[in-house]
Structures are given as C-alpha cells and as structure tokens.
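**Q** Handing you a structure now.
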Amino acid sequence: MIDENEPHPRMAISVAEFCRTFAVGKSYFYEEVKAGRLRVRKAGGRTLVPTAEARAWWASKDRR
C-alpha cells in the first residue's frame, strides 16, 4: 500500500502490489504501460512502479 505518512516512504512498488492497490488486473496494468500512460523501472528481473508515478497515474484517472 502507498502511504505518504510513512517515516521512510517506499520509492517503488511491485506490479502485484500496484494491481492490488488500484484493483486492476495485470493485463490492464501492462496495457497502460504499453500505451505510455504508466512508466515503470526495471531492477534486475523485477518490474517496479515508482510511487510518484503510481500517484500521477491514479490522478489522471480522475480526468476521464
């Protein structure tokens, strides 16, 4: 979960955590990435979503 009030907030979350937090499936997640509406980072073999990017993505959903 993304918590801005944590003393040491996390810089990124996993794909699974993103999907749980925003109640979306992995297919939809990867569609958003492919369309360029959500940017991710790779760390080794892991795909991570920067928390700032996750918040911006969520805020953009309000405009539709």
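**Q** Scan segment 30-55 for residues that are closer than 21 Å to residue 9 by Cα and open to solvent by 60 Å² or more (accessible area, probe 1.4 Å) and jot them down.
**A** Those that are closer than 21 Å to residue 9 by Cα and open to solvent by 60 Å² or more (accessible area, probe 1.4 Å): 39, 41, 42, 46, 52, 55.
**Q** Now, a different point. For segment 12-28, name all the residues that are among the β-branched types (Val, Ile, Thr) and either open to solvent by less than 30 Å² (accessible area, probe 1.4 Å) or not in a helix (DSSP H, G or I) (or both).
**A** 13, 15, 24
**Q** Can you name every residue in segment 26-51 that is in contact with a strand residue (DSSP E or B) (Cβ under 9 Å, 6 or more places away or on another chain) and aliphatic (A, V, I, L, M)?
**A** 33, 38, 40, 43, 48, 49
The values are calculated or read from the model by the stated rules, or taken from the named source; none is laboratory data. Model, not experiment: these values are computed from the prediction. Every residue, glycine as well, gets a Cβ built from its backbone with ideal geometry; the counts of neighbours run over all protein chains shown. These accessible areas exclude ligands, DNA and RNA; they are computed on the full protein's heavy atoms, side chains included. Shrake-Rupley method; radii C 1.70, N 1.55, O 1.52, S 1.80 Å.
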